[in-house]
Amino acid sequence: MILVDLTDLERWDGVHGGTQRVVYGIAKELRRGADVGFIAYSNGWDRFVETSLDPVVERVERAPDTGTGSQPPAAPPRSAAYRLARRLRVLVPRAVRGNPRLRAAAYRALQRLRRAAARLRPAPAPAPGPEAYAFQPDDVVLVLGKPWDEPGLQARLDAEKERVGFRVVELVYDMVIPLQPHLHHPTLFVPYTRQMFLQAQGADRLLAISESTRRDFEAFCARLALDCPPIDVIRLADRLESGRVPAEDDDLPLPDGVAEEFVLCVGTVEVRKNHALLYETWRLAAERGVRLPQLVIVGARGWLVEETWNLLTRDPAVRDSIRILTSVDDAVLARLYRRCRCTVYPSRYEGWGLPVAESLAYGKPVAASSAASIPEIGGDLVRYFSPHSADECLAALAALTDPRECAAAAARIAERYVPTSWAETAAAVRASIARLDPAG
Amino acid sequence: MPPLDRRILVTGTFPIEQPQHGGQKRTRAIVDAYRRRFAHVEHVAVFEPRHYGSAASPNDIPLPSRLADGVPHHPVVGDLIAGHAIAEDPEVRARFTALLRSFRPDIIHVECPFPWLGLGPLLADEGLAPRVVFGSENIEAPLREQVMRAFGVDERIIEEAVGEIDRLERALSGDCDLLAACTPSDLKAHRAMGATRTVLAPNGMSPLRPDPAERAHWRERFRAAGVERIALFVGSGHMPNQVGFDEVVGRGLGFLRRHERLVLAGSIGDAVVGRLGPADDSIEAATFPLRAENAGRLPEPRLQGLIAEADVLLLPITAGGGSNLKTAEAILADTRVVATTTALRGFEWFADFPNVWVADTRDDFHRAIREAFASPLRPRSPEQAALAETVTWEHCLAPLVEAVAQL
């Protein structure tokens, strides 16, 4: 039996980010097979329990489209510790929730509280709790989500594996936190780095979402004297495939403030994604009298971007040329992809670079940084620039916003880019599982 | 046999009241061996108070703060400062002089050459001419150079300090009445420097006598933490220990599995963990605690219990010319040992014992630890068991005591 861990997906109640899309997309495809089941980790009871993908599918596929944001889902069953932490979140003042630094501190405090609550497990349990999943030696546990967010998950998985003898396959998205720590908030450094260490030791096989991630993981293992398990690279799907996304443009209006002609940048506004370069680029264009279309940024406000946010939203020279949409659901995002002139992706580091792939899948030319995995996505179909050069970024955008060049680039993409479906990604996962050494 | 009526003063640059590192243990064993044979034996150390705290005897002389303050910047030259202070610092000189005048030694045993920097001139000024025994623990000049270089000390300071140490070792080797070396290779080096009367006095160890209650303490502690196998490195924060640890163990402990731990005992633990920095600063610092535990400095009974419970003893020594006390300790522990060639210097025969792995690169050292964990403990032959007994202090220092009695 292939057991897909849904711990992260079950607990996620916002718009799906990259990780949730991947878990969902692969899990949904895998469940077509009769040999697939689902489990989730309960930190309150320190055990894995059987679960179902159905409530998540219901939430994602059939919830009404709000046009601008996601619908809050029905609350899934959660641990007492988790519920306690969520309840206490309302005690965090709005001012704190709006300030990333204070939010980070509050997040850390809540994580500590969650862990403390988890430790307060009932010694003589008044009730037996949910039934622990009865693993079998020939099971394969597939962890695709964010186990570093779930204290105890990996330790329990390792213990069960040692006891039963099943096999484990885990997905590695990127190594930005351990290897490029300056590009991420320090909060996750220790849990994420330790998770990667434990994953290297606990997994029988790893999946990486790019050759770049594979190389980074191998470098991580070499530095820490870890025996690196076999790593298979899988290509992620690049279509927004939830039931809410129409196959063709729906002709509905774009969000307020979005111009007729615009360049789209999709991704959380955080230091790693390098929106600062876009500010510099639009500023440079204004100084040089180069006309660039409006920049539409789709992404929530993330880590370590206070200064960048200020520049993007308050500099009189560019603020009217930049529109930031912090909460956009798949249907609106598809609309934006379909109607933009081109997309831009200045990231300093990526495990993959899903927005680049999505842009190509929608037939839209992309100007992207040449960092890490990004060149693996579209090869010479993408116009590259250094993530450290506003000059190069401006040159790439000036070219792609030229109607003739843009049309030529779009034609090349239409001719040569082969989109990847979740069915294909799931098939690659299955192929990796098939390469596992026999149980025992 | 009644004690011989000799007045022997042993001097060095560290106290020996609560010996922790190898040099302290050797000096303590020498003093004890002398006291068994001679009627009057005193020890005096000129030492850095911040390194050794309150573990000193009334004879011992702490460096005044105006001198000690300069030491942390260039820790290796601390011994040189202590040596010079004996003649040049008024406070240290006055206390040392008072001891010389009251004790009137026939023989002065200088353990490591550094005290001789000030003691030679002071004896001349006092008109004293005792016999001098030079107790060598290493060939210091190349050792200190290696360590200072590993720690990135300024080249100018290295050149100056190493030159002075080299001159000192040569002078004392030539001038002393008896030279005691730890290893045959050191003995040969000192003879080349001019030593004429020499004796080989290898490092030794007291037999391991663990208290069952202490063993039970560690067993329970590791069981509660889910630890099934431990590799133990006992050592001081002495820089060669840190250098050796970095070279052949390293701070990436991915070669240890889920139920395995590296345990550091002695001040090496604080030294390694201290240099790792905060956990959110490097992947080594973040993951080190997953597979390592710093037991810190331990009282001797607790340490003996830990050694007895260890599955593998590690001797990751890559610098230093002397024989290592930890090697003798490992020989007497009669368990699995993973050691470098350097760590076995003076005990080369131990490499042929069962349960011993010799490895000199990081990859080989890690591999050897894994093999050791997986290997059943094999018994020693009666000949090997008898050979192991030769590493006790009593056996090792007997030639030195006899040679001093003949002076």
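The values are calculated or read from the model by the stated rules, or taken from the named source; none is laboratory data. Keep in mind that what you see is a predicted model, and the values were worked out from it rather than measured. Glycine gets a Cβ as well: all are built from the backbone with ideal geometry, and neighbour counts include every protein chain shown. Keep in mind that these areas ignore ligands, DNA and RNA; they rest on the heavy atoms of the full protein, side chains included. Shrake-Rupley method; radii C 1.70, N 1.55, O 1.52, S 1.80 Å.
Quick notes
- On Cα atoms only, tilt of B:116-126 relative to the major axis of chain B in degrees: 20
- Take the Kirkwood radius over Cα pairs of the range B:212-391, plug it into Stokes-Einstein at 37 °C and 0.692 mPa s, and you get 200 µm²/s for translational diffusion.
- Unit charges on C-beta of K, R, D, E only; dipole of the range B:212-391, Debye: 420
- Computed from Cα positions, the angle between helix B:300-309 and the longest principal axis of chain B comes to roughly 40 degrees.
- Estimated vicinal HN-Hα couplings, Hz - the range A:374-389 in sequence order (Karplus 6.51, -1.76, 1.60; Gly, Pro = x): 4, x, 6, 6, x, x, 7, 7, 9, 9, 9, 8, 6, x, 10, 10
- Kirkwood Rh and Cα Rg combined as Rg/Rh, chain B: 0.97
- In terms of packing, defined here as the mean over residues of other Cβ atoms within 10 angstrom, the peptides B:11-17, A:154-160, A:255-261 line up highest first as B:11-17, A:154-160, A:255-261.
- Volume of the Cα convex hull of the range A:262-302, divided per residue and given in Å³: 53
- DSSP assigns beta bridges within the protein assembly as shown; of those with both partners inside it, close to 5 percent run antiparallel.
- Whole-Hz Karplus values for the range B:106-112 come out as 7, 10, 10, 9, 9, 8, 6 Hz, taken residue by residue from phi with 6.51 cos²θ - 1.76 cosθ + 1.60 and θ = phi - 60°; glycine and proline positions read x.
- Cα gyration tensor category, rounded, prolate or oblate, for the range B:164-248 with a/c compared to 1.5: prolate
- Qualifying aspartates and glutamates (Cα of each under 13 Å from Cα of residue A:28; at least 8 residues distant if same chain): A:5, A:54, A:58, A:61, A:241, A:424
- Amide H partners (placed H, <5 Å) of residue B:199, local residues excluded: B:179, B:180, B:181
- Positive-end ranking of A:312, B:52, B:288 along the dipole of the protein assembly as shown, with charges on Cβ about the Cα centre, is headed by A:312.
- Proximal charge balance of residue B:301 [Cβ under 12 Å; K/R count +1, D/E count -1]: 0
- Nearest-0.05 FRET efficiency for residue A:259 and residue B:363, computed from C-beta distance (R0 51 Å): 0.30
- Between residue A:371 and any residue 5 or more places off or on another chain, the built amide H atoms are never under 5 Å apart.
- Over the range B:276-321, all Cα pairs binned in 5 Å intervals from 0 give whole-percent P(r) values of 5, 16, 15, 19, 19, 19, 7, 1, listed from short to long.
- Couplings 3J(HN,Hα) of the range A:392-408, computed from phi: 5, 5, 5, 4, 5, 6, 4, 5, 6, 8, 6, x, 5, 5, 5, 5, 5 Hz, in residue order, whole Hz [Karplus 6.51 cos²θ - 1.76 cosθ + 1.60, θ = phi - 60°; x for Gly and Pro].
- Residue among B:189, B:239, B:218 farthest towards the positive dipole end of the range B:188-249, charges placed on Cβ: B:189
- If R0 equals 25 Å, the separation of the Cβ atoms of residue B:104 and residue B:171 corresponds to a calculated FRET efficiency of about 0.55.
- For the range B:225-275 versus the range B:1-18, the gap between their alpha-carbon centres in whole angstrom: 34
- This model, with +1 at the C-beta of Lys and Arg and -1 at the C-beta of Asp and Glu, gives the range B:39-150 a dipole about its Cα centre of some 80 debye.
- Number of partner chain Cβ atoms within 10 Å, mean per residue of B:252-258: 6
- P(r) weight above 15 Å for the range A:138-224, C-alpha pairs, percent: 58
- Cα centroid of the range A:306-380 to Cα centroid of the range A:126-184, whole Å: 32
- Using a simple spin-label model with pseudo-atoms 7 Å out from Cα toward Cβ, residue A:187 and residue A:431 lie 3.8 nm apart.
- Gyration tensor verdict on the protein assembly as shown (Cα atoms; rounded if a/c is under 1.5, prolate if a/b is larger than b/c, oblate otherwise): prolate
- Global size of the range B:206-312 as Cα Rg and Dmax, reported in angstrom: 13.8, 42
- Solvent accessible area, Å² - residue B:106, 1.4 Å probe, full protein context: 60
- Treating each Cα of the range A:179-333 as one equal point scatterer and applying the Debye formula with no solvent, the log10 of I(q)/I(0) at q = 0.09, 0.19 Å⁻¹ comes out as -0.45, -1.16.
- Near residue A:231, the amide H atoms lying under 5 Å from its own belong to A:206; only residues 5 or more places off or on other chains count, and H is placed 1.01 Å from N.
- For the protein assembly as shown, the 222 nm mean residue ellipticity estimated from helices alone, with every DSSP H stretch of n ≥ 4 adding -39500 (n - 2.57) and the total spread over all residues, rounds to -13500 deg cm²/dmol.
- Dipole size of the protein assembly as shown about its Cα centre, with +1 on Lys/Arg Cβ and -1 on Asp/Glu Cβ: approximately 1880 debye, rounded to the nearest 20.
- For the range A:289-359, the fraction of C-alpha pairs more than 16 angstrom apart is 57%.
- From the alpha carbon centroid of the range A:2-32 to that of the range B:286-355 is 49 Å.
- Shape category assigned to the range A:265-404 from the gyration tensor of Cα positions, a/c cut at 1.5: rounded
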